[in-house]
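We did not get these values from a lab; they are worked out from the coordinates using the rules stated. None of these values were measured; they are calculated from a predicted model. Neighbour counts run over all protein chains shown; Cβ positions are idealised from the backbone, glycine included.
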Amino acid sequence: MSTTNLVITLLFLFITPLAFSQTAPTKLANNLETLGQIIDGTLAFETVAVLQKYWRHAGNEDFNMSMDHLARKLRAGGFAEDGARFRVAVKDTLLVNEKAWQPFEAELRLLAPFDTLLHTMSNTKMTLCINSHATPAQGLIGEIVFVDKLANIAPNSLRGKIAYTHAPPQRYFEAAVVKGGALGVVSSYLPAYNRAPEHPASISMGSIPYREAPQTFGFKLSYGSQTLLDALLKNGVVRARAKALTQFSPKLVREVTAEIIGKDKPEELVMLIAHVDEPGANDNASGSAALIEMALAIRAAIISGKIAHPKRTIRMMWVEEIAALLRWKETAPKEFENVQAALVLDMAGEDVSKTGGTFLIEKFPDPSAIWTRPPDTHTEWGRGEVQSENLRGTYLNDLLLSACELRAQQTQWLVKTNPYEGGSDHVPFVNAGIPAVLAWHFTDVYYHTSGDELDKVSPQEMASVGISLAATALFLADCDERDALEVLPMLEKRAAWRLENETQNSRNALRASNQKQKAFVEEEKIVRAWEKWYGEAFASVAKLPIDSASNELQTAVKKAQQSLKKLAGKSLEQMRE
C-alpha cells in the first residue's frame, strides 16, 4: 500500500460518525430550537444539589424522600393527579421478601499501633457497605487480619477479628464472616477505571449480602488508607473500631410517573426514564434531575403553543433501576408492549473536563455489538450479551444521533456512540425487542465512588442531553407521514456510510489474513449483517406515523432497501478486488 493510500485509510477508519452529520428531520430540528430556548440546565442542577444529599437505596427513607421531592417539582410545574393532559402519579410497591437499607452514620477508626480516624460516612458516604447492620453504640473492636485466599480461611479462624481484603467485599463475606466468624469485612477494592493511585481519596461503593444473622458490617477504604494499612500490617498488630448506625425496614419502593397524554393514540407510549437509586450526583441524580427539567420544558412549550400537543403519550418515569420496569412488564404486559420507543438517562450530567467521561449514546443492539470495529469501541463497562440471530434494525439509533449531532453543531458538544453493553434501564426494553437507547457518560474515574459529587456535574451537559432527548421524544410522539419520509433519507445516508466503513474494515482484515477464503466468508457475514440490520431499520420507519403507512411511504422503504442491497453487493465486489 502506498503512503498516500495508507494515510487516507487511517483517516477514514478513525473519523467518527459525527463527521458524516446528516440534516435532522424538520420537526426534530424545530423541537431542538424551541426546547433550546427553555432548557438551560439550571433547574436540573438545583435538583441534583438536593438529591445528592440522600443515600438513595431503593425503598429506603432517602430514596422515597427523593421521589417526593421530584413529585413536588412536577406538581408545582403543572402536572396534576387528575390532569386530563398533564398527569402525575406516585406509586408505592411493597416488596414483602426484600429489605430496604438506610444508613445514618458510620466510622472506621484505627486504635493500634496508633489512634487515627480512617473514614466516616459524613466525609465519604460510600465508605459503609450496603446491607451493613448497626453496631453497638460503642462499636466493635477487633484485630485487622489480611485475607487473600478463600481456601486459607478455616472455620472460626477469624473469630472476633476484622477481615481485610483488596478484593470486592462480597467475594470474601461468606468465607470470612459466616465460616470464619469475623466481625465484618474491610475492603480497599476499586475497579481499574477508577484509577486509584491518581485519586487516592476515592472510595468505591460496595455491598455485602443481606443476613438476619450474624449482624455484621462492611467498610470500603480509599487507596490512601489501603497504603497506610498495608504498611502497618507488615510491622505488627493493627486494631480498629467499626461503628455504624443503620436501619432495615420493609422495602416500600416509590416511583413517580409524569405523562403528557396523547390526543389521538394515548395508549401508544414514548418513554423517558431515569432511575433514582444509587447515591451519586452524576449516578443518577443528574439523569433524574435532567428529566424533571425536560418534563417541565415540554409542558411549557406545549402550553405556549410553540410545540403541538403530541398524538402519542409521552410517559416519563423515575424508578428503581431495571427492577421497576421488570415489575411493570410482568404486571401490565399489554401496556408494556405498547411502548414505541424508550430513551434512558443515566449519568447524564457529567462535567467531562473533571470526570474524564464522554457523552455516549449506547445503541440499540446492532452488528457493532458483535463485530466491534473502527470507529466503534466498547467502553470499560464491557461487551454485552448479544447474539447475531437476535439483532433487529431500528430507526432509533440514528434518529437520536441526528438530534445530538445538530445540538453539537450549535454548541461544540462532544457526542459519541458505543455498541450495546447493557446495565441500565434500557435492558428490559431491549430484551423485549422494543427500540431503546441509553444516554450516558463513561469512562468516569469517579463512577460509583465518593468523588461523584455536585462539583462533577455540568448544567450545560444536562441541558444538551435534555434538549436532544426531549426533542426526539416529541418527534416520536407526534410523527406524521411527512416526518417519516424525512427520516428515511437520513437513515439511507447513515447506512451507506456504514457499508463503506465496513467495506474498508473488511479489506484491511483480508489484506492481513493468511487464509483469504476463510476470512472472506467471515467478512461477507459482517457486511450482510449490516445490510439486514439497516433493511429492517428502513422498514421500522413505516411504524413512525400515527396513521398507517401510505403507499408512498411503503414504496420509499422498498426503494431504500433495494438501493441498500445494491450497495452491499458493490461492497462485496470491492472486497474481492
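Tabulated results
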{"item": "Centroid-to-centroid separation of region 227-244 and region 317-370 [C-alpha atoms, Å]", "result": "42 Å"}
{"item": "Residues Thr116 and Ala154, FRET efficiency given R0 of 22 Å [Cβ-Cβ distance, rounded to 0.05]", "result": "0.10"}
{"item": "Nitroxide proxy distance, nm - points 7 Å out along Cα→Cβ at Leu454 and Arg482", "result": "4.6 nm"}
{"item": "Given charges at beta-carbon only (K, R positive; D, E negative), |dipole| of the chain in Debye", "result": "860 debye"}
{"item": "Length-normalised contact order of the chain in % [C-alpha pairs under 8 Å, at least 6 apart]", "result": "19 percent"}
{"item": "Pair-distance profile P(r), taking every C-alpha pair of region 295-448, with 10 angstrom steps and integer %", "result": "10, 35, 38, 16, 2"}
{"item": "Tail fraction, Cα-Cα pairs, region 101-250, threshold 19 Å, whole percent", "result": "47 percent"}
{"item": "Whole-Å semi-axes of region 426-577's equivalent ellipsoid (Cα gyration tensor)", "result": "34, 28, 13"}
{"item": "Antiparallel bridges, percent of DSSP beta bridges restricted to the chain (to nearest 5)", "result": "55 percent"}
{"item": "Distance histogram in 5 Å bins (all Cα pairs of region 480-557, percent per bin)", "result": "3, 15, 21, 16, 12, 10, 9, 7, 5, 2, 0"}
{"item": "Charged-residue dipole, Cβ positions (Lys, Arg, Asp, Glu), region 101-156 about Cα centre, Debye nearest 20", "result": "140 debye"}
{"item": "Sequence-distant aspartates and glutamates (8 or more away, or on other chains) whose Cα lies within less than 14 Å of Lys243", "result": "Glu105, Glu107"}
{"item": "Separation between Cα centres of region 465-482 and region 525-557, rounded to whole Å", "result": "19 Å"}
{"item": "Spacing of the two label points (7 Å from each Cα toward its C-beta) at Arg72 and Phe146, in nm", "result": "4.9 nm"}
{"item": "Which listed pairs, of Lys516/Lys570; Lys265/Lys565; Lys91/Lys543, have C-alpha distances above 25 Å, in listed order", "result": "Lys265/Lys565; Lys91/Lys543"}
{"item": "Relative exposure of Arg72, Arg241, judged by other C-beta atoms within 10 Å (fewest first)", "result": "Arg72, Arg241"}
{"item": "C-alpha long axis of helix 26-36 to longest principal axis of the chain, angle in °", "result": "40 degrees"}
{"item": "Residue order, fewest to most beta carbons within 10 Å, for Thr93, Thr116", "result": "Thr116, Thr93"}
{"item": "Of (i) 30.7; (ii) 29.3; (iii) 26.2, the label for mean projected area of the Cα convex hull in nm² derived from the coordinates", "result": "(ii)"}
{"item": "Rg/Rh ratio calculated on Cα atoms of region 414-493 (Kirkwood radius)", "result": "1.03"}
{"item": "Stretch gain in nm, segment Ser548-His309, where the contour uses 0.36 nm per residue and the Cα spacing is subtracted", "result": "84.0 nm"}
{"item": "Relative contact order (%) - criterion: Cα under 8 Å, at least six apart; region: region 70-120", "result": "19 percent"}
{"item": "Separation of the Gln562 and Asn30 label points, Cα + 7 Å toward Cβ, nm", "result": "3.2 nm"}
